[in-house]
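Student: Sharing a structure here in structure tokens format.
The values are calculated or read from the model by the stated rules, or taken from the named source; none is laboratory data. Quick caveat: nothing in here was measured; it's all calculated off a predicted structure. Using ideal geometry, Cβ is built from the backbone for each residue, glycine included, and neighbour counts are taken over all protein chains shown.
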Amino acid sequence: MNTENNISSNIDQNHDRAYQEMMKLFENENFFTRMKRMVNGFGQPKDSGEYKFAKLQLQRLSCPFFAIILPLIAVLFLLSIETKHEVKTTIKAVQLMKDIDVEIEEIPETPKEKVEFELPDTDFDGPVSDISTPNLSDVSTPNVYSPKPSKMDTVANIASPITMVGVLPSRNPGNRGSALNRFGGSAAGEASVMRALRWLKSKQNENGSWGDKNQTAMTGLAILTYLAHGETPSLECEEFGETVQKGIKWLTSNVKENGMFNQLDGNYYAQLIGAYALSEAYAMTRVPAVKIAAEKTIRRIIEGQQASGGFDYKLNPNSNRNDLSYSGWATQAIKAAHLAELDIKKTLADGTEIDLLHQAYEKCIRGIRENAIAGSAENGFSYTPSTRSHVGLTGVGALCLQLLGDSKATEVKNALKYLDDCTFSFDDWGNQPYNKGDNPSPIYYWYYITQAKFHAGGERWKQWNAVFSKELIAKQNVINGAIADAKGNMRDIGYWQSPSENESFRGGGEALWKDIMDTCLCTLQLEVYYRYLPSFQTPAITDSKVVEVDDDEVTITF
């Protein structure tokens, strides 16, 4: 009986305890009280209500931890990770385009004559004695005929498409025929140019240079001759593309860090001609390596410019001697660099940036005008300011001012008037108004005079063009069937030699480099129609101040 009473009493006590523990679940306890009970509960037996309460509270508290705190920790962890990405840069060639201001002229309904011209090749390989010059009565008449329109393609080795702009668009194969028609060129003259380009190709050295001596100057002249014809390392220049590429590569690889070429002549004419060629090469190819080399060489020329704006042998900036022949090549180089938009600047200590190329360009105008002869019947340009010798260099002064945008200057007008009496004849080369026993270089003088008259335009150009082109075509030394063209057809080649045996460039002797020079200078004259737009179609510049300098005697030697 007592045992049954004890069992009943225990059951009642368990029921009371369970009831009390259950009721505690509904008590409104604060957070800290519940936390205290949870901690104490884990110390109680596992079958006790306190332990079960502690376990339940732990489960309730874990929910916000996993729902909020843990994701937050994960986000903070991800944000703390430093990421690195490998960026691959792809350099692609771009096509450079500029707005071109074109002067619109009236076009007659029926042109008197149209020259039929095929590009980039010509089938004319006949004897030079059969060559006739076209009627030039409408030489200034625009002709929209453009045979075989063609674009410039990617440059070999370094792809760089280029659309020639500014004053170079006529060199494009698709525009060359139109320029020939417009300014009085002929298919016969272009055939003579093609023979010369093929002759030069046959004389190129294995390393890409030209000449048995003075390779830098000869290579520069040859490259200028090809570029004037629109020949570049382009896929479309099948016949001469590789020739031009090798020549440009040779020039580029021979530029030292200080901007000087490895191989120079005694007076550094080669520095000027080589820089001239590289600047034009970059303008027509936009190859970065050519730009770097061109900027180095032009910077060196600018460093050698005198305060007066002129230049002297070995790029001496302190000689106080303004050599017009030397300045002529330096000016042409700076003009080409300007067209190519080379970046030649200097930053001063205060952060001010000076555009050295633009500064040199403006100084060139003053330097060239310094050699103008005033107050005499000649009214031309002299070799140095205080001497009036070698007035044949009048063409140098006139052309340089025309290229620099000063074509309407009084000095240019006087010079062109003086050159009206000049003639172009291999048989009578000494009969010139400036010939006073000091004219050993007729081809050199004609190179400048032809360009000066072309940039002047009008009747002066018509009359000169009617004579000079016919004479050059007739006097070319032609070798029949000497070289294969791009299609494998055998073609004639041709070259020129000066009529003056004592020409200073020839030195009274025979050498390959002398023939290369004469041939390049003659070819550049026959390419004048499309090499640059004539300066009478370009804006003139404002007047410039003239600065006094000293002089010296002339020698034009390599």
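Student: Being touching a Gly at 6+ places or on another chain (Cβ under 9 Å) and at negative phi is the filter here; which residues of region 266-280 pass it?
Tutor: ALA270, GLN271, LEU272, ILE273, GLY274, ALA275, TYR276, ALA277, LEU278
Student: What number of residues within region 241-275 satisfy the criterion of being of a type in the set (Phe, Trp, Tyr) and within 19 Å of the chain's Cα centre (by Cα)?
Tutor: Here the count works out to 2.
Student: Do we find that GLU238 is out of contact with any helix residue (DSSP H, G or I) (no Cβ under 6 Å at 6 or more places or on another chain), assigned to a helix (DSSP H, G or I) and touching a residue at least 24 places away in the same chain (Cβ under 8 Å) in this structure?
Tutor: No; evaluated as a whole, the condition is false for this residue.
Student: Is one or more of the residues making up region 321-333 of a type in the set (S, T, N, Q) and outside any helix (DSSP H, G or I)?
Tutor: yes
Student: As an exercise: evaluate ALA349 against (1) in contact with a helix residue (DSSP H, G or I) (Cβ under 9 Å, 6 or more places away or on another chain); (2) surrounded by fewer than 20 Cβ atoms within 10 Å (Cβ to Cβ) and give the number of the one condition it does not meet.
Tutor: (1)
Student: Return the residues of region 506-543 that are buried (at least 24 other Cβ atoms within 10 Å of the Cβ) and modelled with pLDDT under 80; say none if nothing qualifies.
Tutor: SER535 - this is the single residue of region 506-543 that is buried (at least 24 other Cβ atoms within 10 Å of the Cβ) and modelled with pLDDT under 80.
Student: Just checking, does region 251-265 include any residue being under 26 Å from GLN451 (Cβ atoms) and surrounded by fewer than 23 Cβ atoms within 10 Å (Cβ to Cβ)?
Tutor: Yes: region 251-265 contains one or more residues that are under 26 Å from GLN451 (Cβ atoms) and surrounded by fewer than 23 Cβ atoms within 10 Å (Cβ to Cβ).
Student: If you don't mind, another one. Could you check, for region 386-395, whether at least one of its residues is out of contact with any strand residue (DSSP E or B) (no Cβ under 6 Å at 6 or more places or on another chain), modelled with pLDDT of 95 or more and either surrounded by fewer than 23 Cβ atoms within 10 Å (Cβ to Cβ) or over 30 Å from GLY430 (Cα atoms) (or both)?
Tutor: no
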